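For reference, the structure discussed in these notes is given below.
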Amino acid sequence: MLLDRRLFLLASPFALAGCVTTREPMTSRVLPPAMDPHYLRMYAAITDEPFPVPAVDLTQIDPRFLRQEVAYPTRYQPGTIVVDPNERFAYLVMANGRALRYGVGVGREEGFNFRGEGVVARKASWPGWTPTPAMIAREPERYGPYAGGLPGGPTNPLGPRALYLYKDGRDTYYRLHGTTEPWTIGTQVSSGCVRFINQDIIDLYRRVPTGTRVIVLPATGVPVG
């Protein structure tokens, strides 16, 4: 009887195929994120920008830090961005206890990180970048050559989008932005700004208007496990 059933299944591939057409494709359930068609599409090259945005090598990023919708019960209203430097996540709060979660890179020292509440007072596509006087004083050899500013483009450290964080009407000099180093997502590497995978900051930029509330939680200093 078992042999007859095996022969039937081998002879009827289309009958089996019909059983899964109403479900999520099986490949997205069994393939690792680096090969999952869902993530390959999400982080594919973007060619309709003023400058090309390369596809992301997903083998270089911990799957935890790829964009995904998650359960996120919180007291903050939908539309709020919550940055958790300790866990290296940024959440865009949604309704019904859900959030869109992005992996981020944060300041390599807690003293570099903004904490508290601000608002997105400005948004920029392919922004220019100028290091702050504090950055130049701290690392003159690294940042001194860019004291006059660097125009937007594929080599600009802010990437294709930036959200400018203000507090009490004043620029904090902290930004949510893209990166030229996607493999650093999930680590402490920046000078205090919050860096996203380029495809992710483009996605977030489209979803939030100026005036969006941003909450940056304090870091505990406990490394991500």
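The values are calculated or read from the model by the stated rules, or taken from the named source; none is laboratory data. Owing to the predicted nature of the structure, the values given are computational and were not obtained by experimental measurement. Note: ideal-geometry Cβ built from the backbone for every residue, glycine included; neighbour counts use all protein chains shown. Please note that ligands, DNA and RNA were not included when accessible areas were found on the heavy atoms of the full protein model with its side chains. Shrake-Rupley method; radii C 1.70, N 1.55, O 1.52, S 1.80 Å.
Quick check on my filter: what residues within segment 136-191 are among the small types (Gly, Ala, Ser) and part of a helix (DSSP H, G or I)?
Selection gives Ala137, Gly144.
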Of (1) over 12 Å from Cys193 (Cβ atoms); (2) part of a helix (DSSP H, G or I), Lys123 satisfies every one except (2)
What's the number of the only condition in (1) part of a loop (DSSP other than H, G, I, E, B); (2) farther than 27 Å from Arg41 by Cβ; (3) among the small types (Gly, Ala, Ser); (4) in contact with a strand residue (DSSP E or B) (Cβ under 8 Å, 6 or more places away or on another chain) that Gly118 fails to meet? (1)
Just checking, which of Tyr146, Tyr173 is on the phi > 0 side of the Ramachandran plot and surrounded by 13 or more Cβ atoms within 10 Å (Cβ to Cβ)? Tyr173
Looking across segment 149-170 at residues that are more than 9 Å from Pro127 (Cβ to Cβ) and hydroxyl-bearing (Ser, Thr, Tyr), the single one that is surrounded by the fewest Cβ atoms within 10 Å (Cβ to Cβ) is Thr155
Residues of segment 196-225 satisfying the condition of being at pLDDT 95 or above, part of a strand (DSSP E or B) and open to solvent by less than 50 Å² (accessible area, probe 1.4 Å): Phe196, Val214, Ile215
Which residues, counting only those in segment 115-140, are surrounded by fewer than 13 Cβ atoms within 10 Å (Cβ to Cβ) and either touching a Lys or Arg at 6+ places or on another chain (Cβ under 8 Å) or under 23 Å from Trp183 (Cβ atoms) (or both)? Gly116, Ser125, Glu139
